[in-house]
1. With a ≥ b ≥ c the root eigenvalues of the C-alpha gyration tensor of the range 294-341, is it rounded (a/c under 1.5), prolate (a/b larger than b/c) or oblate?
2. Of the lysine pairs in the range 107-261, how many meet both conditions: Cα atoms under 17 Å apart, and a spacing of 8 or more in sequence or different chains?
3. How big is the Cα convex hull of the chain in projection, averaged over all directions, in nm²?
4. Based on alpha-carbon centroids, what's the gap between the range 317-387 and the range 147-205 in Å, whole number please?
5. Can you work out the Karplus-derived ³J(HN,Hα) for every residue in the range 369-382? Use 6.51 cos²θ - 1.76 cosθ + 1.60 with θ = phi - 60°, whole Hz, and x for glycine or proline.
6. Got the relative contact order for the range 449-497 handy, in percent, Cα pairs under 8 Å and 6 or more residues apart?
7. What is the Cα radius of gyration of the range 109-179 over 2.2 N^0.38 Å, N being its residue count?
8. Under the rule of at least 5 residues apart or a separate chain, name every residue whose amide H is placed under 5 Å from the amide H of Ile289.
Amino acid sequence: MSQQTPGTTATQAPQGDAFENLSQENRRFAPSAEFAANAVVTAADYAEADADRPAFWAKQARELLSWSKDFTQALDWSNPPFAKWFVGGEVNAAYNALDRHVEAGNGDRVAIYFEGEPGDTRTYTYAQLTEEVKKAANAFESLGVAKGDRVAVYLPMIPEAVITLLACARIGAIHSVVFGGFSAEALRSRIDDAEAKLVVTADGTYRRGKPSALKPAVDEALAHDGHTVQNVVVVKRNGQDVDWHEGRDHWWADTVGAASAEHTAVGHDSEHPLFILYTSGTTGKPKGILHTTGGYLTQGAYTHKAVFDLHPETDVYWCTADVGWITGHSYVAYAPLINGATQVMYEGTPDSPHQGRWWEIVEKYKVSILYTAPTAIRTFMKWGKEIPAKSDLSSIRVLGSVGEPINPEAWMWYREVIGADSGRTAIPAPIVDTWWQTETGAQMIAPLPGVTATKPGSAQVPLPGIAVDVVDELGESVPNGSGGYLVIREPWPAMLRGIWGDPERFKETYWSRFETMYFAGDGAKKDEDGDIWLLGRVDDVMNVSGHRLSTAEIESALVSHPAVAEAAVVGAADETTGQAVVAFVILRGDAVDTGDAIVQELRNHVGKEIGPIAKPKTILVVPELPKTRSGKIMRRLLKDVAEGREVGDATTLADNTVMAQIAHSLKK
Ligand code: 6R9
């Protein structure tokens, strides 16, 4: 495997070419007068936040949340980079997402319209969802889960996922969701790292009309001695047969279903851990990103209201992200419910049973705010505009994008094809491109739809109360018209509080490149107006369909196969998925290059080690890998090969014949 020392990953300067194209983009789309007049947040918030950032957030915290004990200090930054927000305050996330709406007389408002892939539906009002969460909280407590314990969640996109998260939050247990597309091996390492006491899963789900299992991966993940899991709660979703471990496994219907619907929520300290979510970094081992309660909820709720212009009484909001990712945490499980919104939740894929499924859902539920990823938009572009044209999309009035840079072509298509049919105004629905990360917990850079004149392809402006900058190698702010590294200069409420079990790694990973600033890992440019354009990662993290994948993690999976001596992975530009995983492998001396067979075997091996999403699109068997004299793989050169370009400057290679050897081997 390539030599990766944590924290020493070199950052490449963001590539200039991308910006050259973007800088010619001069279209502007101002909000309509009608939209601006009805917007819930105005430009006044920028000025207010600039005047006193912590005071601005303290005001939001008190307005958007009900605290069982008020806080005494907005921000404690006396021990950077360890921030404390809303010090001394106590708040219960589930009470804020549920009970208080019922108490306020909104119990009959729909919280979730669930649409299963096979077409089954369920509707939960706020009153019903509150009851379910109380039952789940009682059930988890009866299984011995107490405040501070970790609960691993391995569920499809079904209401029980949201119920489980809120039930954990209610009792102060820390959830750790593992995306259902991750393998048993990935699940095992996350369960072990967090020392989870309970696992909540399902028998399986549906994928493109076929049952797809989940429970066997849990069984496999728990097949070793010494794990910490005492109980497994299993939702019956697709009815497929499952192995059963008496005493350990419990059907959801028998435990949660039988539990009492009386449960009083108590406040938890504002800094009480809410959840851990593992994400890929530049090293082989995923990091358990830790979020706490008060600040996370405040920024999530504020941004959800401001960026989507949420009118909770009339809007129907749909975020298509899976709950296995941060977007599904912040903008499905928490913020919409905190804000009392009505949301749609869909279990399946966009093409099941046909490519118009999403647009039928929009029409059926009259979705007014749609939040999705550029990779989905590019897929719909490929399928053709006749497909959404079959549905009535006139309910849509705000469109959101997240996960990766959105290219201007996709942005324009989104506006013209999906947003143009907006019923409320003759002007198409505004698009809000939202930049943020698992680590930031909530949106950081995004237009305000009633304020900002949007530009196709740019996330543009830091949100009120967020201090973002673009700096050069030395940490100096770059002038307008220049590019560099995206940093965050001041602490923000939803910031990660650390890496589970590893405070040093937190400092080293995010706060060592530019000592007093958080370095996000992204390159960015400021245009002549000072607006920010994201240029993608500058480290060894890839972005495939908006999913973060680490080159080192996939390399490590490849070299764990007995036939592989060495591996190097790069993210190559891909029209639909943004980037695609391309792997270069050197086989061991005694391994036989069986061509397609070995490639297929290695792809499956990666699928087993990490999950199907990490399977390389292409695996190239090569005789050598390009390395510098210090032994560092020059991924830049491999990227040139993977993207079919002429290979760039190779003068720092230890062996300058390597690229020719690779080219020769690939011609064969
Ligand atoms: C929310 C989420 C974070 C990385 C981030 C960046 C990329 C996310 C983006 C964007 C350009 C946007 N990213 N949103 N790049 N424009 N609007 O996706 O979190 O999975 O942790 O990924 O995704 O590279 O650093 P996460």
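What follows is calculated from the coordinates using simple rules that are stated; it is not laboratory data. These figures come from a predicted structure and were not determined experimentally. Counting neighbours? That spans all protein chains shown, and the Cβs are built from the backbone with ideal geometry, glycine included.
1. It is oblate, given that a/c is not under 1.5 and a/b is not larger than b/c.
2. Lysine pairs, 8 or more places apart or on different chains, close enough: 7.
3. That works out to 28.5 nm².
4. 22 Å
5. Using θ = phi - 60°, the values come out as 10, 10, 10, 8, 10, x, 4, 5, 4, 5, 5, 5, 4, 5 Hz.
6. Result for the range 449-497 is 31 percent.
7. Cα-based Rg divided by the globular estimate yields 1.14.
8. Leu277, Tyr278, Thr279, Trp500
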